[in-house]
Amino acid sequence: MVVDGRSTDDTKNIARWEQRVPVLIDDGRGKGSGLRMAFEWVLRNGDGDVIFVDPDGSYPLYLLPEFIEHLKHNDVVIGERTHFIAGSLPSVLRIGDWLSRRLFRLLYGQKLDNMSGFRGLSRRAIERMCLSEDGFGIETEITAKAVRLGLRIKSIPINYYPRKGKSKFRPLKDTFVVLRAMWRYRK
């Protein structure tokens with residue numbers, strides 16, 4: 001499935017040409033809203049689990065079979081970014097990522113990558129989480145709710161590569177979105 005965030009790279013037309021790939025056009029409210037649209041579609045039309053990945057080339061797609069295998073025994077599989085390839089993340093964002101992970105560990109008692117854009121969710125996890133974030137806080141919400149609900153979580157160490165294209169992440173504004181999500185689901 002493709003959830004198109006109004007991309008300019010012809011993704012939706014290529015997917016439609018394949019005819020087997022459902023294409024949803026997001027509502028423009030952000031990444032979380034687009035993911036929730038996909039999850040809702042799967043709950044209505046599918047019967048399996050979901051693996052999602054940011055389509056910017058920064059995640060190792062060759063690990064998809066490993067994600068599929070681990071989803072057979074876990075509710076949430078996280079691509080734990082353990083090695084940042086040169087040029088993959090500017091220094092200021094690396095510092096922010098480090099601080100975010102430390103704060104998550106302090107609040108939730110688990111060492112997890114709360115901002116990875118490469119994850120797998122079981123159907124059961126999607127149904128139980130009742131996700132609500134519209135923007136970049138969605139990954140933190142997923143991680144926080146997985147911990148709070150006692151779901152089975154598996155982290156897979158991955159390399160994080162330089163992205164292709166421009167990021168939609170707005171450092172100051174989206175940092176507050178992530179921090180708000182981290183605090184909100186702690187209660």
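Here are a few things to note about the model shown:
- Residue selected from the stretch 131-159 under the condition in contact with a Leu (Cβ under 7 Å, 6 or more places away or on another chain) and not β-branched (V, I, T), by the criterion nearest to F84 (Cα to Cα): S155
- Members of the stretch 95-146 found to be part of a helix (DSSP H, G or I) and closer than 23 Å to L63 by Cα, listed by number: D97, R101, R123, R124, A125, I126, I138, E139, T140, I142, T143, A146
- Listed conditions (1) at pLDDT below 95; (2) touching a strand residue (DSSP E or B) at 6+ places or on another chain (Cβ under 8 Å) are all met by K166, apart from (2).
- Test: residue in the stretch 112-123 that is under 23 Å from M37 (Cα atoms) and among the aliphatic types (A, V, I, L, M): yes
- Pairs linking a residue in the stretch 130-159 that is closer than 13 Å to S116 by Cβ and open to solvent by 50 Å² or more (accessible area, probe 1.4 Å) to a residue that is modelled with pLDDT of 95 or more and among the hydrophobic types (A, V, I, L, M, F, W, C), with Cβ atoms under 7 Å and 6 or more positions apart or on different chains, are K154/V77.
- Unmet requirement for I158, which otherwise passes all of (1) within 20 Å of F67 (Cα to Cα); (2) outside any strand (DSSP E or B); (3) touching a helix residue (DSSP H, G or I) at 6+ places or on another chain (Cβ under 7 Å): (2)
- Cross-chain or 6+ apart pairs with Cβ under 7 Å, the stretch 172-187 first and farther than 18 Å from C130 by Cβ, then modelled with pLDDT under 90 and part of a loop (DSSP other than H, G, I, E, B): D174/G135; D174/F136; V177/G135; V177/F136; V178/F136
- Here A125 passes the criteria (1) free of Cβ contacts under 8 Å to residues at least 60 places away in the same chain; (2) open to solvent by 10 Å² or more (accessible area, probe 1.4 Å); (3) more than 17 Å from K31 (Cβ to Cβ) except the one numbered (2).
- Test: D97 is out of contact with any Gly (no Cβ under 6 Å at 6 or more places or on another chain), farther than 21 Å from F39 by Cα and surrounded by 16 or more Cβ atoms within 10 Å (Cβ to Cβ): yes
- When the stretch 43-82 is filtered for residues that are within 12 Å of the chain's Cα centre (by Cα) and open to solvent by 30 Å² or more (accessible area, probe 1.4 Å), the ones remaining, listed by number, are I51, V53, D54, P55.
- Search result, residues across the stretch 49-95 that are basic (K, R) and under 21 Å from T175 (Cβ atoms): R81, R94
- Residue list for the stretch 47-86, filter: over 19 Å from G165 (Cα atoms), part of a loop (DSSP other than H, G, I, E, B) and touching a residue at least 12 places away in the same chain (Cβ under 8 Å): D47, G48, D49, H73, N74, D75
The values are calculated or read from the model by the stated rules, or taken from the named source; none is laboratory data. Everything numeric here is computed off the predicted structure, so don't read it as measured data. Here the Cβ is made from the backbone with ideal geometry for all residues, glycine too, and neighbour counts use every protein chain on show. The accessibility values were calculated without ligands, DNA or RNA, using every heavy atom of the protein model including side chains. Shrake-Rupley method; radii C 1.70, N 1.55, O 1.52, S 1.80 Å.
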